[in-house]
1. Filter region 55-100 for residues that are farther than 27 Å from residue 3 by Cβ and within 14 Å of ligand 2 (Cβ to nearest atom); which is modelled with the lowest pLDDT?
2. Mind listing just one residue for me: the one in region 1-10 that is over 16 Å from residue 69 (Cβ atoms) and open to solvent by 80 Å² or more (accessible area, probe 1.4 Å) and, of those, farthest from ligand 2 (Cβ to nearest atom)?
3. Out of the residues in region 20-39 meeting the condition of being open to solvent by less than 20 Å² (accessible area, probe 1.4 Å) and within 12 Å of ligand 1 (Cβ to nearest atom), tell me which one is farthest from residue 95 (Cα to Cα).
Amino acid sequence: MVNKIINFEILNESILSVTWSDNHSCYLILEDIRNACPCATCKAAHKGFKKKIKLQNNLSYQLVSVEEVGNYALKFKWEDGHETGIYSYESLLKLCNCEK
Ligand SMILES: [Zn+2]
Ligand SMILES: [Zn+2]
């Protein structure tokens, strides 16, 4: 069964707290989330690089809002106006640091 996000909360300016359907909760680092943006624009920007590029603009890491998309993903809106990245639960689970 696919692990789903059942609850989330913006904890502070750098952390998103999420609770999964298997009842584990974790803190996702906003910087990691933005660096993993799956939208076409960001993917193109990362193309050719193994390491993720650090964005220059600090606003890029400031979260404005988080929205649920269907029952499978979250959409993040950032202070720099970027909001095209739709993150599947699966991709967000990969950013979880607590079990490794
Ligand atoms: Zn976790
Ligand atoms: Zn993007």
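1. This residue is 55.
2. Checked region 1-10; the qualifying residue farthest from ligand 2 (Cβ to nearest atom) is 1.
3. So, considering only residues that are open to solvent by less than 20 Å² (accessible area, probe 1.4 Å) and within 12 Å of ligand 1 (Cβ to nearest atom), the one farthest from residue 95 (Cα to Cα) is 20.
The values are calculated or read from the model by the stated rules, or taken from the named source; none is laboratory data. What you are looking at is a predicted structure, and each value in this text was computed from that prediction instead of being measured. Quick reminder, even Gly has a Cβ in these numbers, built from the backbone with ideal geometry, and neighbours come from all protein chains shown. Side chains are part of the model used for accessible areas, which takes the heavy atoms of the whole protein and leaves out ligands, DNA and RNA. Shrake-Rupley method; radii C 1.70, N 1.55, O 1.52, S 1.80 Å.
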